[in-house]
Amino acid sequence: MADRTSDPHGTPTERSKRNTDATRAVSRVKPEQCEIKVRWEKARRVIQVSPTGARFDFDSALKVGTRYPFSLSGPGLSLSTTFEVRRCQVTVEPGGGRSFRIEGRFYPYVE
């Protein structure tokens with residue numbers, strides 16, 4: 001059997017370079033540094049942001065399975081895309097207030 005001189009999948013450093021800049025930026029930004037807007041309304045609190053989706057608290061309920069215009073901004077990061085809601089759970093706060101915990105995935109923005 002002949003010796004292999006190269007790995008067809010690339011070295012680990014070559015594979016890590018294949019990630020997009022946006023993916024790397026999202027993974028380094030802390031949730032408290034981000035601002036999320038769904039339609040024109042701002043999220044109350046950002047809990048988690050990943051390259052594939054986000055989790056945040058919102059003032060109004062969003063319909064599960066519906067796609068909304070979405071924008072995310074943070075230090076060195078700006079993203080406009082479509083967001084599909086996967087989960088919407090009401091949370092009651094001390095003092096009688098309530099918010100909605102929203103979880104979902106990003107989709108490429110289509111004009």
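Here, each number is a calculation from the coordinates, and none is a lab measurement. All figures in this text were calculated on a predicted structure; none of them were measured in a lab. With ideal geometry, Cβ positions are generated from the backbone for all residues, glycine too; neighbour counts draw on all protein chains shown.
Observations on the structure shown:
- For Gly53, the residues 5 or more places off, or on other chains, whose built amide H falls under 5 Å of its own are Phe106.
- Residue-count net charge about Val85 - beta-carbon cut-off 15 Å; Lys, Arg +1, Asp, Glu -1: +4
- J(HN,Hα) series, the range 88-97, from Karplus relation 6.51 cos²θ - 1.76 cosθ + 1.60, nearest Hz, glycine and proline x: 9, 10, 6, 10, 9, 9, x, x, x, x
- Three-way shape label, the range 32-107, alpha-carbon gyration tensor, a/c 1.5: oblate
- FRET efficiency, Arg98 to Arg67 (Cβ-Cβ, R0 30 Å, nearest 0.05): 0.80
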